[in-house]
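Shown next, in structure tokens, is the structure this report addresses.
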Amino acid sequence: MKRGQQHELKGEKIDAVINYTENKYKNDLENLVRKRLEKITEDEREYLEYLVDWCCSRDEFMIEYFESFTDRMPKDKIEGLRFLFRTGLLMLGGYTTFGSRDKAYHHDDCFVPLWVKPILQEIFKELSEVPEDVEKVQERIEEEKKVRDVCPICNREVFYGEKWTKVFGRVFHASCFENKAGLFRPTDDERSLGEMFKRLKIISGDYRWEVPVGEGTHPYLGKRRIDLVIRTEDEDWVIEIERTLNYEAIGQVTAYDELWKERNPYRKVRKGIICFTAPEDLLDVAKKKNIEVFCYT
Ligand SMILES: [Zn+2]
């Protein structure tokens, strides 16, 4: 450009020139600031993080009032400002206006230059990221607060964070289970399985074992007995106990249910089978026949 030659630049054109200049040196300047931040003291790191928090959480990279900016500055305010200006994280700006009688008004501010913003935003991202293991711990705490089931013994909720035991499809507090069952565990015989069922209060009521039904009156049930009838306040449970859920048990309990209803027309009757194990397909059959299966395992 020849001396004395002038370009008339206005509005958009001025912005374009500024953008061009800034972008031309941006990378160099950004690297320069990064280099200056490579070896900083712990105190200086605090000033840096303070600036990061101030600017990035507001998304404002201009500081108009020093007082409010330095208000919560950690350590030493002056030291902090010196560090921020020395490293080029902040630059002084502002302008002066003249009022009547040439009275000058100074409008001081400072700003984070364009090339420093990515550095601050990077640090902000690091600072606001929750470490993964903390997230996992929080997730686990939330999980543990969830309710797993209601314990049949104490009628209180069993939370995921608690020790528990699952028997007969019901979830117990491990301690409630131990208190009730003690060292008792059902053995191979069906009666001990029924005994365990009673101890654990899976259904509370009056337990009647080997209840005779259909004696002499029924052609094929003959003198058979219902393994267990539990009389609760408002219903009678007709229950068969078998090691493994089978068709015979389903058939028996269906027939006994009919006979029991005939003899106890004013009671609501429900069907149940207590067993150690149950094959999936028969569980479906039982469900269709409205038979509740209480499987030990
Ligand atoms: Zn309990």
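Just so you know, all these numbers are worked out from the coordinates, no wet-lab data involved. Here the structure is a predicted model, which is why all the values come from computation and not from measurement. Note that each Cβ is placed from the backbone with ideal geometry, even for glycine, and that neighbours are counted across all protein chains shown.
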Taking Cα atoms, the helix 117-128 axis meets the longest principal axis of the chain at an angle in degrees (rounded to 10) of 30
antiparallel share of DSSP beta bridges within the stretch 184-295, to nearest 5, in %, is 40
A student applying the Cα gyration tensor rule (rounded when a/c is under 1.5; otherwise prolate if a/b is larger than b/c, oblate if not) would label the stretch 184-295 rounded
At R0 = 51 Å the Cβ-Cβ FRET efficiency linking Glu210 and Arg156, nearest 0.05, sits at 0.90
The simple spin-label model distance between Tyr247 and Glu129, using points 7 Å out along Cα→Cβ, in nm, is 6.3
Percent antiparallel among DSSP beta bridges confined to the chain, rounded to 5, stands at 65
Under the 7 Å Cα-to-Cβ spin-label approximation, Ile78 and Leu92 lie apart by a distance in nanometres of 1.5
Ranked by GNM mean-square fluctuation in the chain (Cα springs under 10 Å), the top entry among Pro152, Pro186, Pro74 is Pro74
Burial-style ranking of 266-277, 31-42, 103-114, average other-beta-carbon count within 10 Å with highest first, yields 266-277, 103-114, 31-42
Output ordering of 77-86, 236-245 (per-residue mean of other Cβ within 10 Å, highest first) is 236-245, 77-86
Per DSSP, the loop-located GluC sites (Glu not before Pro) within the stretch 129-158 having at most 11 other beta carbons within 10 Å are Glu129
So the angle from the long Cα axis of helix 42-58 to the longest Cα principal axis of the chain, reported in degrees to the nearest 10, equals 80
Helix 247-263: inclination vs the chain longest Cα principal axis, degrees, rounded to 10, gives 70
Residues of the stretch 63-84 with backbone N under 16 Å of the label point set 7 Å from the Cα of Glu42 along Cα→Cβ are 74-76
Taking every other residue with Cβ under 11 Å from the Cβ of Tyr256 and scoring Lys and Arg +1, Asp and Glu -1, one gets -1
Classified through the alpha carbon gyration tensor (a ≥ b ≥ c as square roots of its eigenvalues; rounded if a/c is under 1.5, else prolate when a/b is larger than b/c, else oblate), the stretch 49-128 comes out prolate
